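Read the structure below first, then the notes.
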Amino acid sequence: MESELDELDRALLSALHDNSRIGVLELSRTLGVARATVTARLQRLENNDVITGYRPQIGLAAAGYGVQAFVTLEIAQGALGDVVAVLEQIPGVLEAFATTGAGDVLCRVAAASHDDLQRTLIVLNQSRTIARSTSVVVLSELVEFRTMPLLSTAEPDRQPKAPAYRRTSE
């Protein structure tokens, strides 16, 4: 799939990444384009699910959940929907992905302590749809979730239509 992001879109995303609380007026000043252009671009990026939300990043350890683990689940055949329902009921399950390979689902789990993690794993293993789980405890985060380096590698497919931005970026 080809990128539909141009240079202005990437600059807008970068500015939001650096300061997610920045307002539309400040974005227009920073990027040197009209406020209406910024508003229209933001709306398009939201409608196309490029921007999926504006949320604070929460430091789990600082919030009291310093233990994290990746849990691979092997599930009963055809039970993916049932497993989703089970996982959504467990507050410590931060995210879950259907995967290929030996496991069927990969979950990231957070807990207040190792005992709390063990309780979460017991709840997971009590589900009739989960045949087996394997856990790997996180010792430290080496690279936090990021998207901007990836977006910066894409070649722009098109020039920005905003003339003011084109002039300042050349």
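Only one residue in Thr129, Thr100, Thr120 is among the hydroxyl-bearing types (Ser, Thr, Tyr) and modelled with pLDDT of 95 or more. Which one?
Thr120 is the lone residue from the list that is among the hydroxyl-bearing types (Ser, Thr, Tyr) and modelled with pLDDT of 95 or more.
Taking the stated definitions as given, is Gln159 under 30 Å from Gly23 (Cα atoms), at pLDDT below 95, surrounded by fewer than 17 Cβ atoms within 10 Å (Cβ to Cβ) and within 22 Å of the chain's Cα centre (by Cα)?
no
Going through region 84-109 one residue at a time, which ones are open to solvent by 60 Å² or more (accessible area, probe 1.4 Å), free of Cβ contacts under 8 Å to residues at least 24 places away in the same chain and either in contact with a helix residue (DSSP H, G or I) (Cβ under 6 Å, 6 or more places away or on another chain) or part of a loop (DSSP other than H, G, I, E, B) (or both)?
Of everything in region 84-109, those that are open to solvent by 60 Å² or more (accessible area, probe 1.4 Å), free of Cβ contacts under 8 Å to residues at least 24 places away in the same chain and either in contact with a helix residue (DSSP H, G or I) (Cβ under 6 Å, 6 or more places away or on another chain) or part of a loop (DSSP other than H, G, I, E, B) (or both) turn out to be Gln89, Pro91, Thr100, Gly101.
Pick out, from region 1-83, the helices (runs of 4 or more DSSP H) lying fully within it that include 2 or more residues that are touching a residue at least 60 places away in the same chain (Cβ under 8 Å) and surrounded by fewer than 18 Cβ atoms within 10 Å (Cβ to Cβ).
Here the list reads 7-18.
The values are calculated or read from the model by the stated rules, or taken from the named source; none is laboratory data. Not measured: the values here are computed from a predicted model. Counting neighbours? That spans all protein chains shown, and the Cβs are built from the backbone with ideal geometry, glycine included. Remember, those area values only see protein heavy atoms, side chains included, never the ligands or the DNA or RNA. Shrake-Rupley method; radii C 1.70, N 1.55, O 1.52, S 1.80 Å.
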